[in-house]
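Colleague: Pasting in a structure now, in structure tokens, and then I'll have a few things to ask.
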């Protein structure tokens, strides 16, 4: 399938995030489009509800404030066939910072599937600044090798070797709505390194136009992309071949730059590519952390992320085979609709 065909089957990011107010309920919204489901599963991509919850909160914020800090907790699976209701609580409207909480529920499903606290701040010019000296372009020059972001392969829906094999077998195109995400082959860099030194790079850009006068939507694009294949970094760093359960428990993002510095398009309307540099700092007791830095094309560190996730390895060959069979069935079903 060609790149143009893939794009034709993808939903634009602005359409994915679209909200409508629930009649008769103040500060309450519902989704317009179905959330994306990686691999054609019945559960939604966690980054969707994470980003859309913040976008709902932004509807209650005065002009001049920008999201800078989000921590969210995934409490129940989000089902793609049920509507999402976002209830925003105005915790505080301060002169410098405004704070909101968002509770997400699904009528006919969970009373709560996601909860977050997000903070919006006025943009300021400070008298000091620092970041690490080495940019990804310098640190990973050998694997990047002068390639353009679009020269790298599309990031798979499920980033584990046996999934790649099943996808190849069924010629499954791994359509990912909202974002064009490209995975850098880090094999030359990671070979022989311990898990804590393992790194994964992903480029991303938005699909479809995003109006320049909605900075919140641009910021939410970064939130959405930040969760793409996050916990699979743990799986691949540890060399785990099979898992029986994987789920995000919490996810936090801090934006170091705000407003125009987060726009997904430049002044000429051309898409901007951003780069996520990800790793895992710790795994133990069926849990692990996914950490990352997000960089712009100029080498500025624009955001940091930190995720606590659940990861259980397959208890038996039967359990592993059952999971693969279920995923393959969903993949075949999804492929028939593309």
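Rule-based calculations on the coordinates, nothing more; no lab input. Quick caveat: nothing in here was measured; it's all calculated off a predicted structure. Heads up, the Cβs are rebuilt from the backbone with ideal geometry, glycines too, and the neighbour counts pull from every protein chain shown.
Colleague: Order by neighbour count: 165, 63, 277, fewest other Cβ atoms within 10 Å first, most last.
Modeller: Sorted ascending by nearby Cβ count, the order is 63, 165, 277.
Colleague: Also: Going 7 Å from the Cα of residue 297 in the Cα-to-Cβ direction, what parts of segment 251-280 have a backbone nitrogen less than 20 Å from that spot?
Modeller: 257-277
Colleague: Using a simple spin-label model with points 7 Å from Cα along the Cα→Cβ vector, what separation in nm is obtained for residue 42 and residue 196?
Modeller: So the two model labels end up 4.1 nm from each other.
Colleague: Counting other beta carbons within 10 Å of each residue's own, what order do 280, 99 fall into, fewest first?
Modeller: Final ranking by Cβ density, sparse to dense: 99, 280.
Colleague: Let me ask something else. Any idea how far apart residue 168 and residue 75 come out in nm if each label point goes 7 Å out from Cα toward Cβ?
Modeller: Reported label-point gap for residue 168 and residue 75 is 4.3 nm.
Colleague: Can I ask one more? Suppose the chain between residue 138 and residue 240 were pulled fully straight at 0.36 nm per residue; how much longer would it get relative to their current alpha carbon spacing?
Modeller: Length difference between fully extended and current span is 33.8 nm.
Colleague: Here is a further query. Would you mind classifying segment 41-191 by shape? Square roots of the alpha carbon gyration tensor eigenvalues, ordered a ≥ b ≥ c; an a/c under 1.5 is rounded, otherwise it is prolate if a/b is larger than b/c and oblate if not.
Modeller: Verdict is oblate for segment 41-191.
Colleague: Read through the labelled values (1) 5, 18, 26, 26, 17, 8, 1, 0; (2) 5, 22, 30, 26, 13, 4, 0; (3) 5, 25, 36, 25, 8, 1 and report the label of the one computed as P(r) over Cα pairs in 10 Å bins from 0, in percent from the structure.
Modeller: (3)
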